[in-house]
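One structure is given below, encoded as structure tokens.
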Amino acid sequence: MKRGGIAGVLMAAGIVIFCILCFLFPYLNPVYDNQEEVVFHGIVENLDMDGSENRRQVVNIPGQGQAEVPETEKIISRNLTEDFEGLENGDLIKLVFSADVSIMETWPAQFSEPADRIEVVARGAFALKQENGMCFLAFPQKMVAGADADVLRPGIMLDFCRDGRGETFGEERFALLEIEGVNQEQKQIWVKLDIDQAKAFLEGYESGVACYVSERQDLSSTRKEDPVNVMQYALDGNDRDLKAEDFVDGAVWDGIYTVTARSVSKSRRSVSVCVLEQNELLFSEDCLFVTEEAVDSELYRVMSFEEFADLIEEKTDHEQTVLFYAKFQDGEITEVFFLD
């Protein structure tokens, strides 16, 4: 064969190989196959439109609110029976998108793209309401391990842990929450949590969220002569910064927060905080004040309001602000935890 003919054959073969590689490239390239998924977790809710039989199905997502359940060609469940036919009110679901997706701010909100798939993570008495930056979450009563139904009542504190191994095995506890209400008919327990805690609950449910009646119960039942338990409650990972969205009509949602204070008023028995301008928070008449003993960081003592105010004034003389833990109840500070 002539040299020119050989060159032509090699060129043609090269073109064929190049075309085959171009065709196979998406399948050979690992980056293509492992694009990051966009995932949302939420609770399915049936909206009753004007009392008619025409119900609209939405998914309630912490921090996002209600969004229409997106179109998808695949709804799956690894745990439900063969009778599984679709989404139901109260389902905890996982929405998976294979491409960048945005949420359009309509009502209900809408996803800009169909979902690659929808996974039903759990079916049960789940529900979610969102108000003023906080979430009210309902979950099945049977989730609380080792507790009789009559023990589960408003005011009882619950530990929420990842991995389902129990508190004594060193798992990660992501929330310590008070039972807000119990629906015996639906066998539901309601708790109030912030958006990050709600996301942690829904996102962690697949890998195992365990729930236990906590040994650290509500501070109202703690003896005032035993301040170590009071301090432990605040230092055990349940604190979060007081934010503007925690105020409703000038009052703070019940709960424990880290407060950044600018000054304290002895005459008004109040503290000026950095969250909102011209905002003072009142201490209750029987507010409990606890601080560390200077000689031993493992010992604590109860102090008077005047002693607490002196500490704040001393701190703010050298530093512009000072931090302390505070429990709010009915719009007032009922307990204070000060770390010197």
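Computed quantities for the displayed model
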read-out	value
Tally of residues being loosely packed, with under 15 Cβ neighbours inside 10 Å and either touching a strand residue (DSSP E or B) at 6+ places or on another chain (Cβ under 6 Å) or under 14 Å from Y205 (Cβ atoms) (or both) across region 127-145	4
Qualifying residue in region 279-288 (condition: surrounded by fewer than 17 Cβ atoms within 10 Å (Cβ to Cβ) and at pLDDT below 80)	yes
Flag if C211 is assigned to a strand (DSSP E or B), assigned by TED's automatic domain parsing to the domain that holds R153 and at pLDDT 65 or above	yes
Candidates G63, G155, G146, G90 - the one that is on the phi > 0 side of the Ramachandran plot and in contact with a Ser or Thr (Cβ under 8 Å, 6 or more places away or on another chain)	G155
Qualifying positions in region 254-276 - on the phi < 0 side of the Ramachandran plot, touching a strand residue (DSSP E or B) at 6+ places or on another chain (Cβ under 6 Å) and not in a strand (DSSP E or B)	D254, C274
Single condition D159 does not satisfy, out of (1) closer than 30 Å to E215 by Cα; (2) at pLDDT 90 or above	(2)
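The values are calculated or read from the model by the stated rules, or taken from the named source; none is laboratory data. Since the structure is predicted, the reported quantities are computational estimates derived from the model, not experimental observations. Ideal geometry is used to build each Cβ from the backbone, glycine not excepted, and the neighbour counts take in all protein chains shown.
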